[in-house]
1. May I ask for the distance between the Cα centers of the range 72-92 and the range 38-56, given as a whole number of Å?
2. Going by average Cβ density within 10 Å per residue, which order do the peptides 68-78, 36-46 take, highest to lowest?
3. For residue 72, list long-range residues whose amide hydrogen, built 1.01 Å from N in the peptide plane, is under 5 Å from its own amide hydrogen.
4. Can you compute 3J(HN,Hα) from phi for each residue in the range 37-47, using the Karplus curve 6.51 cos²θ - 1.76 cosθ + 1.60 with θ = phi - 60°, rounded to whole Hz and x for Gly and Pro?
5. Give me the extension gain from residue 54 to residue 20: residue separation times 0.36 nm, minus the current Cα-Cα distance, reported in nm with one decimal.
6. Which ³J(HN,Hα) values in Hz, rounded to whole numbers, follow from the phi angles of the range 63-79 under the Karplus curve 6.51 cos²θ - 1.76 cosθ + 1.60, where θ = phi - 60° and Gly and Pro get x?
7. If each residue's Cβ is checked for other Cβ atoms within 10 Å, how do 35, 2 rank with the fewest at the top?
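The numbers here are math on the coordinates, done by the rules we state, and not lab data. Everything numeric here is computed off the predicted structure, so don't read it as measured data. Cβ sites come from the backbone with ideal geometry, for glycine too, and all protein chains shown count toward neighbours.
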Amino acid sequence: MIALLVVGLALVHFGTRRDKRVSQDQALAIARARIDFEPNGHQIRFLRRGIPPRGFWIVTYYIRNDVGFYKRVTTVFVEASSGQVTEVRRTA
């Protein structure tokens, strides 16, 4: 039982290394092409989703108002292995 657990963890660890064929900078550029405003900031994070898990860069571009509240936000999901945009979420 322990051997199966070790093999499973090894496959998850080493099998997902190829997830990040798209760099963080490339993901920012891909996502930037999908927004229709001039942002004054961004956030980016890496996340695995699905079964089996696939790696995604989650890129959020935003505009803040004078008080610091978010005025406009767009989040773009970029698949880390291919660079394909799989989802775009917009808020006004």
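1. Here the two parts' Cα centres lie 8 Å apart.
2. Numbers: 68-78: 16.6, 36-46: 11.5.
Packing proxy ranking, top to bottom: 68-78, 36-46.
3. HN-HN under 5 Å from residue 72: 63.
4. These are the phi-based 3J(HN,Hα) values: 8, 8, x, 10, x, 8, 9, 9, 8, 9, 8 Hz.
5. On the way: separation 34, 0.36 × 34 = 12.24 nm, distance 0.97 nm.
This chain segment gains 11.3 nm when fully extended.
6. Coupling constants for the range 63-79: 10, 9, 7, 5, 7, x, 6, 6, 8, 8, 9, 10, 10, 10, 9, 10, 5 Hz.
7. Numbers: 35 20, 2 6.
Fewest-to-most Cβ neighbours within 10 Å comes out as 2, 35.
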